[in-house]
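Have a look at the structure below, then the notes.
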Amino acid sequence: MPSIIDLHIHTTLGSYDSMITPQRLADAAQRAGLTALAVSEHVTPWPRERAEQFYQETGIVAVPAREWSTDMGHIIAIGLGPVVGDIRTARDLRRAADAAGAFLILAHPFRYFPGPSSLLFGRVPDAAALPVSELARHPVFELVDAIEVLNGGCVDRENELALAVARYLGKPVVGSSDAHAPMEVGHYATIFEAEVRGLDDLLRELRAGRFLPARRVDGRYSPLDGAR
């Protein structure tokens, strides 16, 4: 049975800028038809006990994760577990992920591109004139396992550029809502070929590349054209 998973959601339990309580998350996820979630908090990941409670109450798998702010943009780590000390650089995060067997997803790489607010290219002169081949040379793309190419907080042009770079590099691609409010949950998601019942299943399927980004249209999820 396939799984439909939103890999990028924030809640009030671990993200200062979210309006989504666990109860609101449950209601929104059920309305959106999601079977699982990666709750990628900004600050404090969900404890495993809270994720298990969420599943028992809703039947929806909730995998604790975290969106890290690094020197090379925002990176979602799935399976990293508790971290001792602080991680500030993308290379440090990669080393920690390798040690823990975690999976790294580069979030919204071209949000606010081009312009000074772009986390990856804000200081690059004439970044808008760079071809995809040059944009793809940014070192962060070598440090992550997949690239988010559908993000609910990005405009179409930003998502399309992320997909173009991912295609050029041959990187796996995902879709997710980046939800901070209940109505945003499930706007985009990722369809997995197999049933995902927890963290181990999710990591296995991510590493195997058996997934496609999807957008929700008229209550149904449609895989992104050209994602493979």
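What follows draws every value from the coordinates through simple rules; no lab data is involved. Keep in mind it's a predicted model, so treat the numbers as computed, not measured. In this analysis, Cβ positions are derived from the backbone assuming ideal geometry, glycine residues included, and neighbour counts consider all displayed protein chains.
Figures for the structure shown
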| read-out | value |
| --- | --- |
| Cα-based shape type of region 104-228, given that a ≥ b ≥ c are square roots of the gyration tensor eigenvalues and the cut on a/c is 1.5 | prolate |
| Mean residue ellipticity (222 nm) of the chain, computed from DSSP H runs ≥ 4 via -39,500 (n - 2.57), nearest 500 | -8000 deg cm²/dmol |
| Gaussian network model of the chain, Cα within-10 Å springs - most flexible of Ala127, Ala62, Ala32 | Ala127 |
| Most fluctuating residue given options Val132, Val83, Val149, as computed from a GNM of the chain linking Cα atoms under 10 Å | Val83 |
| Degrees between helix 48-58 axis and first principal axis of the chain (Cα, 0 to 90, nearest 10) | 60 |
| Packing-based exposure ordering (other Cβ within 10 Å, fewest first) of Arg88, Arg215 | Arg88, Arg215 |
| On Cα atoms only, tilt of 199-208 relative to the major axis of the chain in degrees | 40 |
| GNM result for the chain, Cα springs below 10 Å: residue of Ala208, Ala102, Ala26 fluctuating most strongly | Ala208 |
| Degrees, to the nearest 10: 22-32 long Cα axis against longest axis of the chain | 80 |
| Residue-span extension gain [Ser133 to Glu49] - 0.36 nm each, minus C-alpha spacing | 25.8 nm |
